[in-house]
1. Which pairs have Cβ atoms under 6 Å, sit 6 or more apart or on different chains, and link a residue in segment 38-55 that is touching a residue at least 12 places away in the same chain (Cβ under 8 Å) to one that is of a type in the set (A, V, I, L, M)?
2. Please specify each residue of segment 72-86 satisfying the condition of being free of Cβ contacts under 8 Å to residues at least 24 places away in the same chain and either farther than 14 Å from residue 98 by Cα or not small (Gly, Ala, Ser) (or both).
3. Could you tell me which residue of segment 89-141 is surrounded by the most Cβ atoms within 10 Å (Cβ to Cβ), considering only residues that are among the hydroxyl-bearing types (Ser, Thr, Tyr) and either assigned to a helix (DSSP H, G or I) or at pLDDT below 95 (or both)?
4. Can you name the residue in segment 1-59 that is of a type outside the set (A, V, I, L, M) and assigned to a strand (DSSP E or B) and is also surrounded by the fewest Cβ atoms within 10 Å (Cβ to Cβ) among such residues?
5. Can you tell me which residues in segment 60-88 are open to solvent by less than 30 Å² (accessible area, probe 1.4 Å), part of a loop (DSSP other than H, G, I, E, B) and at pLDDT 95 or above?
Amino acid sequence: MEAIFRAGHARQLGISNCYDFSVMQAIYNDAEIKPTIVQNRFYSDTHYEKELRQWCDEHNIIFQSFWSLTANKDLLESDTVKGLAEIYQKTIAQIFFRFLTQLNIVPLTGTSSELHMREDLEIFDFILADEDVERINDLLD
């Protein structure tokens, strides 16, 4: 991959589905060209990658979440997220995507619906209050 990068055929290198923190650290330490992005599923089975996400923040590595909505149905159906959707006059998905972005997580969407694509982009016209981010974050424990 580093040869592809050096040849100009890739702008960035990253890794996907790396759920073993020690493997990520080894890759980072051994790589001449450091990964700039980690793409993992953000969900309860991996304890929401808290340690890896903090490490990524410290090393300026983007943490990107795939299947963000389908992997977190319990969070999306929580009274907390539903209540915030009412307060902010946004969809549940918009609240969750905004929450992720405020945690420095880039959510990926897989929708083919034009309406959902537009809604997904409308998460940048509001900011969740710190206490609301914390309320959702408390659900991750």
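The values are calculated or read from the model by the stated rules, or taken from the named source; none is laboratory data. Keep in mind the model is a prediction, meaning the values are calculated, not measured. Glycine also receives a Cβ, built like all others from the backbone with ideal geometry; neighbour counts cover every protein chain displayed. Ligands, DNA and RNA are stripped out before the accessible areas are found, and what is left, the full protein with its side chains, is counted by its heavy atoms. Shrake-Rupley method; radii C 1.70, N 1.55, O 1.52, S 1.80 Å.
1. Pairs that qualify, where the first residue is touching a residue at least 12 places away in the same chain (Cβ under 8 Å) and the partner is of a type in the set (A, V, I, L, M), are 38/15; 38/61; 41/71; 43/71; 48/140.
2. 73, 76, 77, 79, 82, 83, 86
3. So, considering only residues that are among the hydroxyl-bearing types (Ser, Thr, Tyr) and either assigned to a helix (DSSP H, G or I) or at pLDDT below 95 (or both), the one surrounded by the most Cβ atoms within 10 Å (Cβ to Cβ) is 109.
4. 16
5. 61, 78, listed by residue number.
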